Amino acid sequence: MSTEIIRIFDTTLRDGEQSPGCSMNLSEKLALARQLERLGVDVIEAGFPIASEGDFESVRAVAEEVRGTIVCGLARTGREDIERAARALERAAKPRIHTFIATSDIHLQHKLRMSRERVLEEVGRAVRQARSFVDDVEFSAEDATRSDWEYLVEVCNVAIGAGASTLNLPDTVGYTSPEEYAALIRHLRECVRGAENVVFSVHCHNDLGLAVANSLAAVRAGARQIECTVNGIGERAGNTAMEECVMAMKTRPDVFAGLDTRIRTSEIYPSSRLLSSIIGVPVQPNKAVVGDNAFAHEAGIHQDGVLKAAITYEIMTPQSIGRPSNELVLGKHSGRHAFRERLQELGFALEGEEFQRAFQRFKDLADKKKAIYNEDLEAIVADSVIASDDRFVLGDVCIVSGSFGIPNATVELAVDGVPRKATEFGVGPVDALFKVIASLTETKSELLRYQVNAITGGMDAQGEVSVTVSEGGRKVIGHGAHTDVLVASAKAYVHALNKLEWHKRRHAIAEPKGI
């Protein structure tokens, strides 16, 4: 039996970034885009170029960096949207413009205030305009699952006639069910003119926890592209989780006979860890495929079975998704070669200045703790590789705390290259630390959440701190790691403030949310 490829359209950099607090700066997006290319995704949706200057630059940079994978820019059907997307993709080796408009009567009446006939005109004009710039055009009918099916047929007919080669039917609000979604895909494949010449795509949200089930049901009904994100991040309850769809098809070839993806599954876990490190949001322990407990067996009967034959309770292996063991890997006497080899095993390909920064941080850490674990290396990479033009650069930190006096913190910090130093008192060491950083940076943000985790076990484990801050209605998450949890706290807070500053510089043109 011949194998049909299910395309993996990754929208982590676009729809995933819309998850509250999960925004990324340019260098972070580039680092993730490089990993997505190693992962083997077919399409990277790099952003929404008209949304802001930052999004435009991000799409342009990813388009220049990624050469073997299709790079996609999202655009509404407006002329300026499409022109902006085309300019952002000018230097892409494989560009795609993805244009969309809502098709449900709910959206037409309450959001667009447009007639069905007017929307059909917009679809045709927008797709033709996009085709004047690129050969690869995708059209999405926003809120398709709450749209009239016969009207969707008309919309798809117009999109194909204008030159679209991919038709996306998003479950924008996570409303549909597997059986219903599969029936919709079958109906469109049977009724749309020229359906055999286009790829039907699915883009599901997880509001009812059905995004993966809906996507896989649609695939069995004839859809040949899944739009998804790493770790399932995205607006509200998130998007379809890439790793779950891929491994479901890989693990159940009997159910998905003749279907496969181009994903290199050994890069799934490194991709998950890199994203988590970048956005500072840990994966929930019981998350399917990539969660910490995904391959853990605590019950005695399970442990006994796995020891006798792993297949008794494991339907896939940790190695199949690139999950390394937690064994001790390196120490202070390890050299560059061993360090590079281990990073490559974890899915990180560092070169030049990035490698040198990471290696120096490794040597500094190795002087402080005896055992360097994989999780330590991931934290080093996140701290070293994701470098950017930060406005605030943390220097030395000194905290005095205890039961004999008032806790105080002294911090050295550069603002726009100018060194500053100050001391503040607080009700505790973290309070004092954050007060002095807030004073030095003159931030008006509000601290919403502070969380501390140990990266590994042991008394000398690195502490990993995540903070959530808010200003002007925007939430961001910062993270930091260090053997001293207070230093990690300072790094996390400064990281978050730099994210806020980056967003301030983006000068938003509009705030379109997309599909």
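Of all the listed residues (Ala422, Ala414), the sole one being farther than 25 Å from Met24 by Cα and modelled with pLDDT of 85 or more is Ala422. Go through the residues of the stretch 5-28 one by one and say whether even a single one is among the aliphatic types (A, V, I, L, M) and part of a helix (DSSP H, G or I). Scanning the stretch 5-28 turns up at least one residue that is among the aliphatic types (A, V, I, L, M) and part of a helix (DSSP H, G or I).
The C-beta contact set for the stretch 114-126 (first residue assigned by TED's automatic domain parsing to the domain that holds Ala102, second residue surrounded by fewer than 13 Cβ atoms within 10 Å (Cβ to Cβ), distance under 9 angstrom, 6+ apart or interchain) comprises Arg125/Arg79; Ala126/Arg79. Applying the criterion of being exposed (fewer than 14 other Cβ atoms within 10 Å of the Cβ) and in contact with a strand residue (DSSP E or B) (Cβ under 9 Å, 6 or more places away or on another chain) to the residues of the stretch 88-126, the residue that is modelled with the lowest pLDDT is Lys111.
Answer yes or no as to whether Arg67 is at negative phi, surrounded by fewer than 19 Cβ atoms within 10 Å (Cβ to Cβ), outside any helix (DSSP H, G or I) and without any contact (Cβ under 8 Å) to a residue 60 or more places away in the chain. Before you say what the answer is, go through the steps one by one.
Working: at negative phi: yes; surrounded by fewer than 19 Cβ atoms within 10 Å (Cβ to Cβ): yes; outside any helix (DSSP H, G or I): yes; without any contact (Cβ under 8 Å) to a residue 60 or more places away in the chain: yes.
Yes: the conditions hold for Arg67.
Could you please let me know if Ala195 is surrounded by fewer than 22 Cβ atoms within 10 Å (Cβ to Cβ) and aliphatic (A, V, I, L, M)? Considered against the rule, which asks whether it is surrounded by fewer than 22 Cβ atoms within 10 Å (Cβ to Cβ) and aliphatic (A, V, I, L, M), Ala195 comes out as yes.
If you go through the stretch 34-62 and keep only what is crowded, with 24+ Cβ neighbours inside 10 Å and in a helix (DSSP H, G or I), you end up with Leu36, Leu39, Asp55, Ser58, Val59, Val62. Which residues, taken from the stretch 205-252, are among the β-branched types (Val, Ile, Thr) and either in contact with a Pro (Cβ under 9 Å, 6 or more places away or on another chain) or part of a loop (DSSP other than H, G, I, E, B) (or both)? Within the stretch 205-252, Ile233, Thr240 qualify. Within the stretch 205-226, residues that are within 18 Å of Val246 (Cβ to Cβ) have Cβ atoms under 7 Å from residues that are of a type in the set (D, E, K, R) and crowded, with 24+ Cβ neighbours inside 10 Å in these pairs: Asn214/Asp171, counting only partners at least 6 apart in sequence or on another chain. Yes or no: the stretch 218-226 includes at least one residue that is surrounded by fewer than 19 Cβ atoms within 10 Å (Cβ to Cβ), among the charged types (D, E, K, R) and closer than 30 Å to Gln319 by Cβ. Scanning the stretch 218-226, I find at least one residue that is surrounded by fewer than 19 Cβ atoms within 10 Å (Cβ to Cβ), among the charged types (D, E, K, R) and closer than 30 Å to Gln319 by Cβ, so the answer is yes. Here is a list of conditions, (1) part of a helix (DSSP H, G or I); (2) under 23 Å from Glu243 (Cβ atoms); (3) without any contact (Cβ under 8 Å) to a residue 40 or more places away in the chain; (4) not hydrophobic (A, V, I, L, M, F, W, C), and Glu180 meets all of them except one; can you say which number that is? Here Glu180 meets the rest and fails (2).
Sort out which residues of the stretch 130-144 are touching a residue at least 40 places away in the same chain (Cβ under 8 Å) and not in a strand (DSSP E or B), and write them in order of number. Break it down into steps so the answer makes sense when it comes.
Here is the first cut: in the stretch 130-144, the residues touching a residue at least 40 places away in the same chain (Cβ under 8 Å) are 130, 133-134, 136-144.
Result: Ala130, Phe133, Val134, Asp136, Asp143, Ala144.
Please state which one of Val66, Val59, Val43, Val71 is modelled with pLDDT of 95 or more and touching a Gly at 6+ places or on another chain (Cβ under 8 Å). Answer to the selection: Val59. In the stretch 300-355, the residue that is modelled with the lowest pLDDT out of those that are of a type in the set (Gly, Ala, Ser) and assigned to a helix (DSSP H, G or I) is Gly300.
For the stretch 468-486, taking the residues that are surrounded by fewer than 22 Cβ atoms within 10 Å (Cβ to Cβ) and β-branched (Val, Ile, Thr), the one that is nearest to Glu375 (Cα to Cα) is identified as Thr483.
The values are calculated or read from the model by the stated rules, or taken from the named source; none is laboratory data. Predicted model only: the values in this text are computed from it and were never measured. Please note: Cβ atoms are built from the backbone with ideal geometry, for glycine as well, and neighbour counts cover all protein chains shown.
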